[in-house]
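Notes follow the structure.
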Amino acid sequence: MSNPPRGAFIQRDKKSYAIVPRISAGLVTPDFLENVARVARKYNVPLIKLTSAQRLALVGLNPEDVEKIWQELGADVGPAVGPCVHYVKACPGTAACRFGILDSLGLGLRLEKEFLGMDLPAKVKIGVSGCPNKCGEAYVRDIGLFGKKSGWTFIFGGNSGARPRIGDIIAENLTDDQVVELARKCLDYYKANARGRERTARFIERIGIEEFKKAVL
């Protein structure tokens, strides 16, 4: 089989492709949505799906149309496959939620800018919640954060897949800057010591959370 078009992945029919435009922290504009609708009509895209990562997947594309669609969308690729940081999911936080304590959108955008696409042993997903209700699913993300009045709580090693795992609290009462610094330490250590295709949940189970804390704190 030939290499897939840029930023596309093959579908179950083995003929068509899907793409996932980058949507930072789930934030979209009217212009972006109008452009998606225009491109979808022009190229007869059969399915547009809101994903669990707060993004839009355009599914069922003809391979010869993929590059033209990317050009007309004017959007970056949102990583959906491969061993890297795929996305940062963030709740509305103080921008729009009455329960919001900290600015989850602001931190989420900063983390995405720092780490999206970072090469790693396996895929990594990040969830940011502005309060202890954890609508960003902090405990079941590879890196999870939730806000309290005293600062951010940092969680590592969560997973919601076929073998779910509740992540471990690594540190509490962090500032935004401290979160970014600790995230980099955690990902660097994981990159240097995990096995190929070993998700963070399995990595923590193998080496132990205390050993991990000793290395990153």
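Below is a table of values for the structure above.
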item	result
Within segment 129-169, considering residues that are assigned to a strand (DSSP E or B) and in contact with a Pro (Cβ under 9 Å, 6 or more places away or on another chain), the one nearest to Glu211 (Cα to Cα)	Thr153
Inter-residue pairs, beta-carbon under 7 Å, first in contact (Cβ under 8 Å) with a residue 60 or more places away in the chain and of a type in the set (A, V, I, L, M) and in segment 82-98, second crowded, with 17+ Cβ neighbours inside 10 Å and in a strand (DSSP E or B), 6+ apart	Val85/Val124; Val85/Ile126; Val88/Ile126; Val88/Val128; Ala90/Val128
Tally, over segment 34-69, of residues that are over 11 Å from Val20 (Cβ atoms) and in contact (Cβ under 8 Å) with a residue 40 or more places away in the chain	7
Residues of segment 79-101 that turn out to be in a loop (DSSP other than H, G, I, E, B) and surrounded by fewer than 22 Cβ atoms within 10 Å (Cβ to Cβ), as a count	12
Residue in segment 155-169 that is out of contact with any Gly (no Cβ under 8 Å at 6 or more places or on another chain), crowded, with 19+ Cβ neighbours inside 10 Å and among the hydrophobic types (A, V, I, L, M, F, W, C) present	no
Selection count where residues are of a type in the set (Gly, Ala, Ser) and modelled with pLDDT of 95 or more, scope segment 27-52	2
Flag for Gly117 being within 19 Å of Arg55 (Cβ to Cβ) and assigned to a strand (DSSP E or B)	no
Options Lys125, Lys113: the member that is of a type in the set (Lys, Arg), at pLDDT 95 or above and touching a His at 6+ places or on another chain (Cβ under 9 Å)	Lys125
Whichever residue in segment 179-201 is touching a Gly at 6+ places or on another chain (Cβ under 8 Å) and under 15 Å from Lys213 (Cα atoms) and, among such residues, is surrounded by the fewest Cβ atoms within 10 Å (Cβ to Cβ)	Ala201
Evaluation of Lys113 against (1) farther than 26 Å from Ala194 by Cα; (2) loosely packed, with under 15 Cβ neighbours inside 10 Å (one fails), failing number	(1)
Unique match (being in a strand (DSSP E or B) and in the same structural domain as Glu114 (by TED's automatic domain parsing)) among Glu210, Glu172	Glu172
For Ser24: the one exception among (1) more than 30 Å from Tyr190 (Cα to Cα); (2) outside the structural domain of Val180 (by TED's automatic domain parsing); (3) modelled with pLDDT of 95 or more; (4) hydroxyl-bearing (Ser, Thr, Tyr)	(1)
Some residue of segment 135-146 being of a type in the set (Phe, Trp, Tyr), over 26 Å from Ala192 (Cα atoms) and surrounded by 22 or more Cβ atoms within 10 Å (Cβ to Cβ)	yes
Criterion violated by Leu73 - all others in (1) within 30 Å of Ser160 (Cα to Cα); (2) within 23 Å of the chain's Cα centre (by Cα); (3) in contact (Cβ under 8 Å) with a residue 12 or more places away in the chain satisfied	(1)
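The values are calculated or read from the model by the stated rules, or taken from the named source; none is laboratory data. Nothing here was measured: the structure is a model prediction, and the numbers come from that model. Using ideal geometry, Cβ is built from the backbone for each residue, glycine included, and neighbour counts are taken over all protein chains shown.
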